[in-house]
Amino acid sequence: MVGDDIARLVYLVLLLSVIGGYFLMSNKKQLGKTAQQAAIWALIFLGAIAVAGLWGDVRRAAQPQAALITGDGIEVPVADDGHFYLNAEVNGSNVLFVVDTGASDIVLSERDARRVGFDPDTLNYFGTAMTANGQVATAPVRLETLKLGERIDEQVPAVVNSGELDTSLLGMSYLSRYELVLTRGRLILKR
């Protein structure tokens, strides 16, 4: 915390103490009921803080900001968490990808692999990849089709990750087909 944050916190604690003290003094006779109402208001306040803190995640999950197809290519806006997300059609199913220039391959989560027609339980996990969470086993697969914007690529190599992966990754093996231009708050993929 920096100095301004500490000052704000002290101010809010003092303000809460004054308001709380006033209500306690004015309702001495009904102290139990006052405590119950204070607890209800505290829960409402904490719920509002939780909603405000998670709003960016909720908004992105409910309705991710869509990439725009322009004459310059595909424009991908930066998300609240600083990442670039793209919806692509894989084998006829929509898959949400994180654009990951640090990933070598297209990496499907087991959940997304199932959605696009692979059974992760029957795949051969003989490859390995180093991730932020350590080494994980990977299974090579071939995507029949990958449609990004108006472009359709066929027989695209990818891997299925056996580890914990929330969102599939669009790595450099595919991104190298595009020219990547990073501008303020946008990633543009040109082909």
| said: Let's see if you can work this out: charge +1 on each Lys and Arg Cβ, -1 on each Asp and Glu Cβ, no other charges. What is the dipole magnitude of the chain about its Cα centre, in debye to the nearest 20? | reply: 960
| task | Hey, could you get me the Stokes-Einstein D for the range 136-191, Kirkwood radius over alpha-carbon pairs, 4 °C and 1.567 mPa s, rounded to whole µm² s⁻¹? | result | 99
| Phi to ³J(HN,Hα) by Karplus 6.51 cos²θ - 1.76 cosθ + 1.60 over the range 140-151, Hz, x for Gly, Pro | x, 9, 10, 7, 4, 9, 9, 10, 10, x, 9, 8
| query | When the C-alpha atoms of the chain are aligned to their principal axes, what extent does each axis show, in angstrom, from largest down? | reply | 76, 42, 30
| Approximate spin-label separation residue 104-residue 176, in nm, with each point projected 7 Å along Cα-to-Cβ | 1.1
| query | Using a Gaussian network model of the chain with C-alpha springs under 10 Å, which one of 32, 92, 163 is most mobile by mean-square fluctuation? | reply | 32
| request: Springs between alpha-carbon atoms under 10 Å, Gaussian network over the chain: tell me which of 143, 169, 43 tops the mean-square fluctuations. | output: 43
| field | Packing-based exposure ordering (other Cβ within 10 Å, fewest first) of 109, 173 | value | 173, 109
| query | With θ set to phi - 60° and the Karplus curve 6.51 cos²θ - 1.76 cosθ + 1.60, what are the ³J(HN,Hα) couplings of the range 181-189 in order, to the nearest whole Hz, using x for Gly and Pro? | reply | 10, 9, 10, 4, x, 9, 10, 10, 9
| Taking Cα atoms, how many degrees apart are the long axis of helix 3-26 and the longest axis of the chain, rounded to 10 and kept between 0 and 90? | 40
| note | Taking GluC sites (Glu not before Pro) in a DSSP loop with at most 14 other Cβ atoms within 10 angstrom as exposed, one finds the longest site-free stretch of the chain at 1-149
| message | Suppose we look only past 22 Å in the calculated P(r) of the range 86-165. What percent of the Cα-Cα pairs does that tail hold? | response | 18
| For residue 153 and residue 8 in the same chain, what is the full-extension length gain: residue separation times 0.36 nm, less their Cα-Cα distance, in nm? | 46.8 nm
| Dipole of the chain [Lys/Arg +1, Asp/Glu -1 at C-beta], most positive-end residue of 95, 79, 149 | 79
| said: Under 5 Å between amide hydrogens, which residues at least 5 positions from residue 160 or on another chain qualify, with H placed 1.01 Å from N in the peptide plane? | reply: 108, 139, 141
| remark: Projected onto the charge dipole of the chain (unit charges on the beta-carbon of Lys, Arg, Asp and Glu, signs +1, +1, -1, -1), the Cα from 18, 54, 136 with the largest positive-side position is that of 18
| message | What is the ratio of the Cα radius of gyration of the range 3-62 to 2.2 N^0.38 Å, with N the residue count, to two decimals? | response | 1.52
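Every number in this text was worked out from the coordinates using simple rules, so none of it is lab data. These numbers were taken from a predicted model, which means no experiment stands behind them. We place every Cβ from the backbone using ideal geometry, glycine too, and count neighbours over all the protein chains shown.
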